[in-house]
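First the structure, in the form of structure tokens, and then the observations on it.
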There are 2 protein chains.
Amino acid sequence: MTPIGFWFDFASPYGYLMAERIDALAAEHGRTVRWCPMLLFAVLRQLEMPAPMAHAAKRDYMLLDFERSARHLGLPYRHPSRFPVVSPLPGRMFHVLAERDEAAAVVFARAALRAAFRDDQALDDAGFVGTLAARCDTGAARDAGTLLQAAQGDAARAALARGIDEAIGQQVFGSPFVQIDGEPFFGADRLPQIEARLAGRLAPAPVPTRAPNPAPTPKE
Amino acid sequence: MTPIGFWFDFASPYGYLMAERIDALAAEHGRTVRWCPMLLFAVLRQLEMPAPMAHAAKRDYMLLDFERSARHLGLPYRHPSRFPVVSPLPGRMFHVLAERDEAAAVVFARAALRAAFRDDQALDDAGFVGTLAARCDTGAARDAGTLLQAAQGDAARAALARGIDEAIGQQVFGSPFVQIDGEPFFGADRLPQIEARLAGRLAPAPVPTRAPNPAPTPKE
């Protein structure tokens with residue numbers, strides 16, 4: 001079976017909530033998950049959509065709802081003192097780790113999201129991100145400096161850009177965004193539907209056939 | 001205790017879903033509901049926000065999600081063949097009925113939403129709306145023509161306009177929108193949180209104190 005697609009931005013509070021649940025939920029139903037970091041602002045710009053918190057009324061609501069939604073799921077949440085979170089560095093570091101070991105990249109992603117949304121840790125702090133990545137790196141066990149150098153390199157930038165292009169092609173207009181056999185689920189609040197869908201209690205929705213997505217722009 | 005506020009647009013599929021659940025949920029916890037129809041496009045225009053389906057990627061998603069979300073809640077759903085639904089007439093008719101009997105207006109609202117989202121009935125069809133309203137009218141038991149005349153009158157227009165002004169003042173940026181003791185819940189997908197909140201399993205969220213809302217513009 002195709003892995004479940006899990007799209008997220010390291011800057012996304014709701015992405016953190018989904019990251020805490022999706023792997024266990026998939027495993028319960030014999031499925032695997034492909035983690036796909038992206039930069040939501042870049043995707044939305046291409047889709048000509050406003051940022052989720054661009055408007056005051058919705059921003060006020062979301063600031064209340066992040067914490068409440070975490071509480072409802074039984075998860076700790078501390079709103080970052082610097083918000084929005086700056087997320088290109090962890091997005092590129094994910095790919096540095098994933099190139100050798102995808103599982104290590106997922107461990108890093110989960111830890112980075114917790115650092116941002118539980119521990120008020122800035123994700124544009126290179127020292128922090130390098131040290132965290134070194135703790136997660138397996139096999140080669142590179143040190144923080146080596147990993148950071150790779151995260152600033154062309155290959156890591158291109159890998160994140162490819163993820164963004166793929167997100168645009170798949171109309172991934174928010175974070176988190178989950179795809180189960182082509183069926184899209186937007187938002188941490190779709191967890192009950194995702195669970196019902198995986199358990200076979202909710203039949204697949206008819207996914208409209210679209211014109212084929214344009215091929216991602218080559219970046220390397 | 002203050003009634004739970006339930007804001008909705010008669011044009012809103014997710015509003016229909018909430019309308020099917022909110023009264024029973026409130027009653028289970030000894031609460032009442034105040035139904036507040038509004039015209040979402042007018043509220044969003046004032047809040048300088050785009051319409052929910054203004055962007056293609058989100059529109060495609062919502063067209064899939066309306067039906068799926070209904071199915072997940074065990075509710076029938078048939079997407080209206082004319083969409084978006086045109087909703088000023090039922091919004092005004094609600095107030096014609098509510099002026100004499102609020103319960104009758106709620107019965108009408110639930111029936112009109114079912115007509116739109118189960119039976120593909122246009123809500124700008126005056127004959128249909130008048131007949132439905134006459135079936136719901138109590139006490140005076142006015143006929144369809146009398147009710148329609150009232151719905152086109154100044155008092156009904158002003159009542160709906162006041163509802164819109166109140167929605168703007170309360171930052172009601174979507175449909176459905178539920179307020180429990182000042183705490184906002186946006187979307188039919190907040191039903192699990194609303195249930196937990198009413199059952200005391202979810203503590204009230206700290207509602208930010210805002211500058212007092214501007215007084216609604218007098219319309220009569």
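The values are calculated or read from the model by the stated rules, or taken from the named source; none is laboratory data. Note that the structure is a prediction, hence the values are computed from the model and not measured. Cβ placement follows ideal geometry from the backbone for every residue including glycine, while neighbour counts extend to all protein chains displayed.
A few notes on this one:
- Only one of B:ASP101, B:ASP143, B:ASP124, B:ASP65 that is buried (at least 22 other Cβ atoms within 10 Å of the Cβ) and among the charged types (D, E, K, R): B:ASP65
- Restricting attention to the stretch B:1-36, the residues that are within 21 Å of B:MET62 (Cβ to Cβ) and of a type outside the set (Phe, Trp, Tyr) add up to 11.
- Checking each residue in the stretch A:138-196 for being in contact (Cβ under 8 Å) with a residue 40 or more places away in the chain, within 14 Å of chain B (Cβ to nearest Cβ) and part of a loop (DSSP other than H, G, I, E, B) picks out A:GLN170, A:GLN171, A:VAL172, A:PHE173, A:GLY174, A:SER175, A:PRO176, A:ASP181, A:GLY187.
- The residue that is surrounded by the fewest Cβ atoms within 10 Å (Cβ to Cβ), among those in the stretch B:68-98 that are free of Cβ contacts under 8 Å to residues at least 12 places away in the same chain and assigned to a loop (DSSP other than H, G, I, E, B), is B:GLY74.
Residue-by-condition table, conditions (1) at pLDDT 95 or above; (2) of a type in the set (S, T, N, Q):
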{"site": "B:ASP124", "(1), (2)": "yes, no"}
{"site": "B:GLY145", "(1), (2)": "yes, no"}
{"site": "B:ALA151", "(1), (2)": "yes, no"}
{"site": "B:ALA155", "(1), (2)": "yes, no"}
{"site": "B:VAL172", "(1), (2)": "yes, no"}
{"site": "B:GLN179", "(1), (2)": "yes, yes"}
{"site": "B:ALA215", "(1), (2)": "no, no"}
{"site": "B:GLU220", "(1), (2)": "no, no"}
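- Residues of the stretch A:146-170 that are over 20 Å from A:ALA98 (Cα atoms) and crowded, with 21+ Cβ neighbours inside 10 Å: A:ILE168 alone.
- Pairs with Cβ under 9 Å, 6+ apart, first in the stretch B:33-62 and without any contact (Cβ under 8 Å) to a residue 60 or more places away in the chain and more than 12 Å from chain A (Cβ to nearest Cβ), second buried (at least 20 other Cβ atoms within 10 Å of the Cβ) and of a type in the set (D, E, K, R): B:PHE41/B:ASP9
- Residues (surrounded by fewer than 19 Cβ atoms within 10 Å (Cβ to Cβ) and assigned to a helix (DSSP H, G or I)) located in the stretch A:105-121: A:VAL107, A:ARG110, A:ALA111, A:ARG114, A:ARG118
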